[in-house]
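Read through the structure below, which is laid out as structure tokens, and then see the notes.
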Amino acid sequence: MNIRRATQKDMPGLNRLLYQVLMVHHNGRPDLFKANAKKYTDEELQSLLADETRPVFAAVDENEEVLGYAFCILEVYDGDNIHPDMKTLYIDDLCVDETSRGIHVGSALYQYVLDYARQIGCYNVTLNVWSCNPGAMRFYEKCGLTPYKVGMEKIL
């Protein structure tokens, strides 16, 4: 397995996984997530792949097939009214192909993101996880992440 910046040639594999992760969310919260949809249009995905402030990393096998991805967003606080000056790397989405789970693709991707964040001088790495996805919550806790804020709702 190799982890690297994703490119446009990875779009079919990225799209396949974007559908998979959205179905996990749809199954957990069909009131919030559509079935058979994906987070980004092809045009939006192409734009993301070219954006240095939104790095996308792909874990690929020896045939360059995408096994997993991590979509990230670099957040820079510089002269902010309430935050000290710092950089944060936010993991917007991390997904491992259903057929590649259990072979440490997710932990390798997460470690790659941590190393990248350290390399560019980030203070921390953050992410959000849906409470309807207990497997993801266990994975992130196993990776050493701890909650730092909690989102709550009241459905009307």
Within the range 49-86, the residues that are in contact with a Phe, Trp or Tyr (Cβ under 8 Å, 6 or more places away or on another chain) and more than 18 Å from Ala117 (Cα to Cα) are His83
Being in contact with a Lys or Arg (Cβ under 6 Å, 6 or more places away or on another chain) and at pLDDT 95 or above narrows it down to one residue among Val66, Val76; which is it? Val76
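Okay, residues lined up against (1) closer than 28 Å to Asp31 by Cβ; (2) in a loop (DSSP other than H, G, I, E, B):
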| site | (1), (2) |
| --- | --- |
| Leu94 | yes, no |
| Leu109 | no, no |
| Trp130 | yes, yes |
| Val150 | yes, yes |
| Ile155 | yes, yes |
Only listed residue being within 19 Å of Val105 (Cα to Cα) and among the small types (Gly, Ala, Ser), chosen from Ala50, Ala6: Ala6
If we keep only residues of the range 96-121 that are of a type in the set (Ser, Thr, Tyr) and closer than 16 Å to Met1 by Cα, then the residue most open to solvent (accessible area, probe 1.4 Å) is Thr99
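Conditions tested, residue by residue: (1) farther than 29 Å from Pro134 by Cβ; (2) open to solvent by less than 40 Å² (accessible area, probe 1.4 Å); (3) out of contact with any Gly (no Cβ under 9 Å at 6 or more places or on another chain); (4) not in a loop (DSSP other than H, G, I, E, B).
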{"residue": "Val21", "(1), (2), (3), (4)": "no, yes, yes, yes"}
{"residue": "Leu45", "(1), (2), (3), (4)": "no, yes, yes, yes"}
{"residue": "Leu49", "(1), (2), (3), (4)": "yes, yes, yes, yes"}
{"residue": "Glu52", "(1), (2), (3), (4)": "yes, no, yes, no"}
{"residue": "Asn63", "(1), (2), (3), (4)": "yes, no, yes, no"}
{"residue": "Cys72", "(1), (2), (3), (4)": "no, yes, yes, yes"}
{"residue": "Val76", "(1), (2), (3), (4)": "yes, no, yes, yes"}
{"residue": "Ile82", "(1), (2), (3), (4)": "yes, no, yes, no"}
Asp92 vs (1) over 13 Å from Val21 (Cβ atoms); (2) of a type outside the set (Phe, Trp, Tyr); (3) surrounded by fewer than 18 Cβ atoms within 10 Å (Cβ to Cβ): all pass except (1)
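Any residue at all in the range 43-55 that's among the polar types (S, T, N, Q) and touching a residue at least 12 places away in the same chain (Cβ under 8 Å)?
There is at least one residue in the range 43-55 that is among the polar types (S, T, N, Q) and touching a residue at least 12 places away in the same chain (Cβ under 8 Å).
The values are calculated or read from the model by the stated rules, or taken from the named source; none is laboratory data. Treat the numbers as computed from the prediction; the structure is a model and nothing was measured. With ideal geometry, Cβ positions are generated from the backbone for all residues, glycine too; neighbour counts draw on all protein chains shown. The protein model used for the area step is the full one, side chains on, heavy atoms only, and it has no ligands, DNA or RNA in it. Shrake-Rupley method; radii C 1.70, N 1.55, O 1.52, S 1.80 Å.
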